[in-house]
Every structure is written in structure tokens, then in C-alpha cells.
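Here it is, the structure in full.
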Amino acid sequence: MTRRTVRIAMNGVTGRMGYRQHLVRSVLSLREQGGLDLGDGSTLWPEPILLGRREHALRAMAERHGIEHWSTDLDTVLADPSVDIYFDSQVTAAREDALKAAIAAGKHIYCEKPTATSLDGALDLARRATAAGIKHGVVQDKLFLPGLLKLKRLIDGGFFGRILSVRGEFGYWVFEGDWQSAQRPSWNYRAEDGGGIVADMFPHWEYLLHELFGRVRTVQALATTHIPQRWDEKGKPYDATADDAAYGVFELDGGAVAQINSSWAVRVNRDELVEFQVDGTHGSAVAGLRECRVQHRSATPKPVWNPDLPAGESFREQWQPVPDNADFGNGFKVQWELFLRHVALDEPWRWDLLAGARGVQLAELGLRSSAEGRRFEVPELTL
Ligand SMILES: NC(=O)c1ccc[n+]([C@@H]2O[C@H](COP(=O)([O-])OP(=O)(O)OC[C@H]3O[C@@H](n4cnc5c(N)ncnc54)[C@H](O)[C@@H]3O)[C@@H](O)[C@H]2O)c1
């Protein structure tokens, strides 16, 4: 086995996503397994360079994980010709400028969503990356979740017949930060810092709906701020200027209608933090992060509406679990592996900066729809 090193500058690794999902669960996990087997007698060995603003945090992290390289100087790292890939999981508002610099330096790009804070910015990035001839990718982790992979398997197997509708319910209670600390960063609740649930979640809904059911053709949304005041990481009160809940309706190519509630101000009365119910002429399914349950038309009960009587049957028990029938790896890691193979072997890859721009487009149109009280067509994007 020959070993090829790929050097990855990772910016934003002190953050929630950067540390847990991208560094520990993906890149370091690949190292623990001896690198990525490329299947051609060689292994790809990822060598992270931790990038960030706080020297002491980076040094401590590097020591904790036995990582040799870290830096607080983005320009110097980008100027180093031995660095192959620039990865970005910084706060959203910091991403666009850093990506532009990395593209100009000729690095391949992999980054978190949303890729930019405006559609113009997101498209500009996609165009620059294409012109530079580099490889580029955007995280679309939900596609690799076990529950949604099982849902995809049902779709591919023709289980649903004609798909009529998709009902998504996403969210949980994010504490305000006064009497219990908030479990999400405060910038998420400030529009001026790139926050807001529409900017955060509509990019996910775009690629999920697009890949599983059909491209989003129209969007109509109502975004709101249910909790107007929160307390930040230092216990200081601040005004929540960004939306913390959004109620969206999406028409899809192929005729299905999707309706997705996204909220950080909802208490969970579901089995998982996100669940999608899909109804088709031949069967229905409810898929979450890990689980998926189905009800075939042949096993569909015939309830009769009668409020004078207690419910005569337990509807939730009438669904059948879909077995795993496979080992599902961590979704972030699976996508990292595919991206690294795309870089190393030129394997096909479709989750690029143009795909990322579609997510930003849907978020932008969703917010506009809410502000203007209108439904919008979602034009197809081209470079
Ligand atoms: N794919 C997903 O499921 C998913 C989930 C959550 C967040 N995200 C995305 O990941 C990115 C990071 O989110 P997070 O929840 O990890 O955020 P976080 O606040 O935990 O981390 C942000 C990181 O950016 C750095 N940073 C750079 N410039 C900064 C600045 N000016 N102010 C504050 N921090 C700065 C921080 O040091 C930190 O490393 C966001 O773009 C978000 O949309 C994706």
C-alpha cells in the first residue's frame, strides 16, 4: 500500500460543527482507520492544519489530538503550495471572503452550508471556483443520515406509488440563555451575524427535497421571531433580530407538495428531532435521523371520525420499521470520503458550490416570501 498525503486547512474547528463532526468524527476518524483506502493499492492520509482566531484553543486542540500543524494566519496557510484543500466551517458571515481567498490561491474547497449570505455571493463563489478549475464541495450531510437513506431506498424501490406530499417537522426548544444556558451559539439569533433559521435550515431542505422528490419549484414561507430576547455566551441579554421559526410550503417538480416547519421554539413530541412523513398512493413512511417506519396501502386502517368515542386503535403501532440492512457510517464522514475520492481520483461529485447556491437561493426567496406575503417561483440556477 502506498500512502498519499492530502493536506487540509480546516478553518472553524473550534466551533460545534467544525470540531465534533468534521475534525473528530470525519478527518481524525479516517486517520484512526489508517487513512482512506482508494482501492487502487494506495491510501489517502488526511493531514489537518487547524486554522482559527484563538491561538491557545488551537494549540490545546492540536496537543489533545496529536495534530502537528495549526495556525491563526489564513493568508500564510493559503500561500503554502503543499496545502491541497481549504475547508470552512466558520460562522456563516465569515465564509465568503475566506472561500474567495482560498479559490484565488488555487486550493480545492470543501465547506459548510450556507456557502454565503446572499445568492449573488453564493453564485459568485461557484463561478470563481469553476473558472479556477478547482474541485469544490458543500456539506449536505442530511442525505447520508440512516433514516433518510432508508427513505431513499423506499423511493427507489417504488414503495410509494405516486408521491403526494411530504410533511417535515424539525426543531426543539433552544433555551433562551437566562436560567439555563442556550445549546446553540448566539450568532444564530442575530440577522446581522448571518443567523436565522431560514438561512440555516432552508439550504438543507433544498437539497433533501431536490434529491429525494424533485426540484423545488415554488416557495411560500412565514418566518417569525417567537423569542425576541435571548442571553449570549457571557450571560448578556441581546435582541434576537433573526427568525427562530419558519413555516414553509414548497411545490416540487413531479407534483408533490412539501410542507416543513422549522423551529427553535418548539418542544419535541416526536421520536426524533426531525421527521418527514411521506404519503403516496401505495404507501406512506415516516423517516427521521435514524429510523424509518412504513404503512403499506394493504395495511392502512379505515378510521371513522367520531369525537364522541375514544380512539379505538393505536395508530402509531400500525407502522412497520424499515430494517437497516446495511451499516450506515457517520453522514459527515461518508461525504468527506466521497469528496476526498473526488479530489484524489476525479470520481463524480454533484454537491458543489452551484448546489450550495441553490440552498442559499431557497433561503433568500423564503425570507422574501415571508416579508412580502407572496409565493415565489424558484428559477433554475446556471453558472
Ligand atoms: N451541516 C449541518 O448540519 C450544520 C449544523 C450546524 C451548523 N452548520 C453550519 O456550520 C457553520 C458553523 O456553525 P457552528 O454551529 O459550528 O457555529 P459555532 O459558533 O459553534 O462555530 C463557529 C466557528 O467560527 C469561528 N469564527 C470565525 N469568525 C468568527 C466570528 N467573527 N465570530 C464568531 N466566530 C467566528 C469560531 O471561532 C468557531 O470556530 C455555520 O455556517 C452553520 O450554518 C451546519
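The values are calculated or read from the model by the stated rules, or taken from the named source; none is laboratory data. Values in this document were obtained by computation on a predicted structure and should not be read as measured data. Cβ sites come from the backbone with ideal geometry, for glycine too, and all protein chains shown count toward neighbours.
List the number of the failed condition for Ala105; all other conditions in (1) exposed (fewer than 15 other Cβ atoms within 10 Å of the Cβ); (2) at negative phi; (3) away from the ligand (no atom under 16 Å from the Cβ) hold.
(1)
Tell me which residues, restricted to segment 90-108, are in a loop (DSSP other than H, G, I, E, B) and over 15 Å from Ala132 (Cβ atoms).
We begin by selecting, within segment 90-108, every residue in a loop (DSSP other than H, G, I, E, B); these are 90-91, 105-107.
Within segment 90-108, Gln90, Val91 meet the criteria.
Show the residue pairs that are 6+ apart or on different chains and have beta-carbon atoms under 7 Å apart, the first residue being within segment 85-110 and farther than 19 Å from Leu340 by Cβ, the second being acidic (Asp, Glu) and within 12 Å of the ligand (Cβ to nearest atom).
Final answer for the pair search is Val91/Asp193; Ala93/Asp193; Arg95/Asp88; Ala98/Asp88.
Pick from Ala287, Ala344: which is hydrophobic (A, V, I, L, M, F, W, C), in the same structural domain as Glu206 (by TED's automatic domain parsing) and touching a residue at least 12 places away in the same chain (Cβ under 8 Å)?
Ala287
All but one of (1) assigned to a loop (DSSP other than H, G, I, E, B); (2) among the acidic types (Asp, Glu); (3) within 16 Å of the ligand (Cβ to nearest atom) hold for Asp75, so report the exception by its number.
In the conditions (1) assigned to a loop (DSSP other than H, G, I, E, B); (2) among the acidic types (Asp, Glu); (3) within 16 Å of the ligand (Cβ to nearest atom), Asp75 misses (1) alone.
Oh, and also: Quick one: how many residues across segment 169-210 are among the acidic types (Asp, Glu) and either touching a Leu at 6+ places or on another chain (Cβ under 6 Å) or without any contact (Cβ under 8 Å) to a residue 12 or more places away in the chain (or both)? Let's see the steps before the verdict.
Start the filter on segment 169-210 by keeping residues that are among the acidic types (Asp, Glu), which leaves 169, 176, 178, 192-193, 200, 206.
Remaining after also requiring either touching a Leu at 6+ places or on another chain (Cβ under 6 Å) or without any contact (Cβ under 8 Å) to a residue 12 or more places away in the chain (or both): 206.
Looking only at that region, the number is 1.
Quick check on segment 29-57: of everything there that is within 16 Å of the ligand (Cβ to nearest atom) and surrounded by fewer than 16 Cβ atoms within 10 Å (Cβ to Cβ), which residue is farthest from Ile109 (Cα to Cα)?
So the residue we want is His56.
Which one is farthest from Ser71 (Cα to Cα), of the residues in segment 1-20 that are more than 7 Å from the ligand (Cβ to nearest atom) and outside any strand (DSSP E or B)?
Met1
A further question follows. Could you list, in sequence order, all residues of segment 109-129 that are part of a helix (DSSP H, G or I) and either in contact with a His (Cβ under 7 Å, 6 or more places away or on another chain) or within 14 Å of the ligand (Cβ to nearest atom) (or both)? Spell out how you get there, then give the answer.
Restricting attention to segment 109-129, the residues satisfying the condition of being part of a helix (DSSP H, G or I) are 119-129.
If the condition is that a residue be part of a helix (DSSP H, G or I) and either in contact with a His (Cβ under 7 Å, 6 or more places away or on another chain) or within 14 Å of the ligand (Cβ to nearest atom) (or both), then Gly121, Ala122, Leu125, Ala129 are the ones that fit.
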